[in-house]
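Here's the structure, in structure tokens; my notes come after.
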């Protein structure tokens, strides 16, 4: 462990777990460890992390439900943070919803639908956390976080600042926000619309049925690549003949070409190798360079188009 990492671990004391596996915390369930892992169950724990990081250049990684993350087999040479149950609370008051950063998107979708609110049904099929969904402006079925998000509460792990940020200041766009790696979303506030609980719950059932029919289960992280403007990454991958393509313990899904499945006990680096090969074939076939929607930790994908 380098001196800065060792110093941070010593400052954190019992809060720090060294060489802790984080790949298994993702929905791929493959990949390596973090040099340091902190499981925060209070804002005080996050303040302690910020204090421990002060004066160092140790990189930070926030791990939510891990449903949009691939950790390379070599792991993460830095400090990873997960949020505990106290950050998963959900409160509903009229059309206003406050959800902790660790709250499950499907749980928020079902709770709000049962309360007679509409506008968040889309999230029932996204197995992520509220904090992660804000960070990447997650979405589906014609909507996204930006459609209902009003503000968030963020803790900056590099400075310890704790403040509320209006959604308008987050530069939310397709799978994008301006949140930095050290920003941890501890709470999100949503504004939904009054509706009929039966209608909202029927829509949720329809979304669940559609997902089961069109998307694979198992060890994957959802869509691997973002959709190019005016097109579908899945269509381009299929066109390039990549459905069913395998590299070691990873394979492109036969059900949806923009999903990669990892075998039980497989290798994250096999998933990465397959991503590289899929991008190469799509670029060779169509001239389009696909960009990952999956957050890759501990590795990078090479550029295919030198002009980019």
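Please treat every number below as a calculation from the coordinates, not as lab data. Computed from a predicted model, the values in this text were never measured in an experiment. Here the Cβ positions follow ideal geometry from the backbone for every residue, glycine too, while neighbour counts run over all protein chains shown.
Here are some notes:
- In nm, spacing of pseudo-spin labels at residue 300 and residue 208 (7 Å Cα→C-beta vector): 4.3
- Inter-part distance, the stretch 1-24 to the stretch 63-109, computed on C-alpha centroids, equals 21 Å.
- You can think of it this way: the chain between residue 10 and residue 254 has 83.1 nm of extra reach, that is 0.36 nm per residue less the Cα-Cα gap.
- Computed E for residue 243/residue 107 - FRET, C-beta separation, R0 30 angstrom, nearest 0.05: 0.35
- With the simple spin-label model, which puts each label point 7 Å out from Cα in the Cβ direction, the residue 85 to residue 191 separation comes to 3.4 nm.
- Here the label points at residue 18 and residue 168, each 7 Å from Cα along the C-beta direction, are separated by 4.9 nm in the simple model.
- Taking each DSSP H run with n ≥ 4 as -39500 (n - 2.57) and averaging over every residue of the chain yields -8000 deg cm²/dmol at 222 nm.
- Reciprocal mean inverse distance between Cα atoms of the stretch 86-214 - Kirkwood radius, Å: 14.6
- Relative contact order for the stretch 86-214, counting Cα pairs under 8 Å that sit 6 or more residues apart, in percent: 31
- Counted residue by residue at 0.36 nm each, then reduced by the alpha carbon distance between them, the extension gain from residue 43 to residue 143 reaches 32.9 nm.
- Annotation: the antiparallel percentage among DSSP beta bridges lying fully within the chain is about 75.
- Sequence-separation-based contact order of the chain, relative, with Cα cut under 8 Å and 6+ spacing, percent: 18
- Relative pair counts by distance (%), Cα atoms of the chain, 10 Å bins: 6, 26, 33, 25, 10, 0
- Label-zone membership for the stretch 132-151, site residue 232, 7 angstrom Cα→C-beta point, backbone N under 16 Å: 140-143
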